[in-house]
Amino acid sequence: MIVWLNGASGAGKSTAARHLLDLLPGSTLYDPELVGGELRLMLPAARLAQIGDYQDLPSWRRLVVDTAAALLNEVPGPLITPMPLLRQDYRDEIFGGLASRRVPVRHVLLHAEETILRERAGRAGRTGGPAGDTAARQRAHLESYEDALGWLKQDAHVIDTARLTPRETAERVAEAVRTGAGACDIVQTPEPTAETLAAGVLLFDDADRVLLVDPTYKPGWEFPGGVVEPGEPPARAGLREVTEELGIRLRSAPRLLVLDWEPPVPPGFGGLRMLFDGGRLAGEQIRDLLLPGPELRDWRFATEEEAADMLPPVRWNRLRWALRAREQGRPLNLEAGVPVG
């Protein structure tokens, strides 16, 4: 298990983490900031100049997951991780990666009001706090924290640290862990070990906007669908995923729009990706849409232009060609997102 102590600078994460080592038998302090520090030493200056923070590095987010899994092969756990994680897409990527490795996550938010956080940051600066922790950087950090509070309070177990000592905060966290508070019941999709075949289904409203869903276990929006099981027909897999994810039972098999070969890009293995046309949804189907909480947090219909800002580039390109295939009434064969034949 990993106990992720989230929150702004000054919320008391590091001091509470040290007390937790006494309260949770077998626990080990795991600081992903050390991973970021080592990456700074290894990566070229030109690459580092392209990012604002080491959390923006895909390699950091992958290494956070891989290192946690490796540590839990060496120690009994849990791992205590005091680390701000204020971008929801980074949360999805890291927590989803941990879930795929069967590492349970307890997400705890240590919260305090802005005035208290500023006061604590001021005290840290007067007593030799972290180098470079300027007032401007602190303001930017607090603004990011305020922007993230909406989803953080929904996702994590919240502990207000304003009137608590570090020991009392740690005791509250330990009790939350014992009772299962803050558990992230993310879908546990195993990491692929070879190329995979996946089937997605495009569903439309009467304005021909396409339905997109927001997974909890990876960044970016997605189409309804998933990996085809061994021996399962792809179109039937698409139907199954639509029913499981949205509670919708389509009356007929969907029509193939795009077959796209996705090349392997480490650490991914690539494989074949199929998009099917599930047709237009009736008003009552849209009204009765259901979302499985551990897997999807939201859905919405989007125009092609809106989808460009919501989907990762590879999925956006696949959608673009699928819509052209739908207009032309014939499927398209793609390799690495480019039509062939």
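Largest accessible area first, the listed residues MET42, MET83, MET310 line up as MET42, MET310, MET83 when surface is computed with a 1.4 Å probe on the assembled protein chains.
Helix 234-246 axis versus longest C-alpha principal axis of the chain: approximately 50°, rounded to the nearest ten. Beta bridges from DSSP with both residues in the chain: antiparallel share about 45 percent, rounded to the nearest 5.
How much accessible area per residue does the chain have, in Å², with a 1.4 Å probe? Before the final figure, lay out the partial values.
Details: 16980 Å² over 341 residues.
The answer is 50 Å² per residue.
Using only the heavy atoms of the protein chains and a 1.4 Å probe, how would GLU327, GLU335 rank by accessible area, largest first? Present the calculation step by step, with values, prior to reporting the outcome.
Working: GLU327 135, GLU335 95 Å².
Ranked list, largest accessible area first: GLU327, GLU335.
Surface composition of the stretch 134-178: carbon plus sulfur atoms contribute 45% of the solvent-accessible area (1.4 Å probe, protein chains only, all chains present). Ignoring the sites themselves, the chain has its longest run without trypsin sites (Lys or Arg not before Pro) in a DSSP loop having at most 16 other Cβ atoms within 10 Å at 1-100.
Between helix 114-126 and the chain there is an angle of about 50 degrees, using the helix long axis and the longest principal axis of the Cα atoms. I'd like the distance between the alpha-carbon centres of the stretch 184-222 and the stretch 34-99, rounded to an integer number of Å. Spelled out, the Cα-based centre of one part sits 23 Å from the other.
The values are calculated or read from the model by the stated rules, or taken from the named source; none is laboratory data. Quick caveat: nothing in here was measured; it's all calculated off a predicted structure. Ideal geometry is used to build each Cβ from the backbone, glycine not excepted, and the neighbour counts take in all protein chains shown. The protein model used for the area step is the full one, side chains on, heavy atoms only, and it has no ligands, DNA or RNA in it. Shrake-Rupley method; radii C 1.70, N 1.55, O 1.52, S 1.80 Å.
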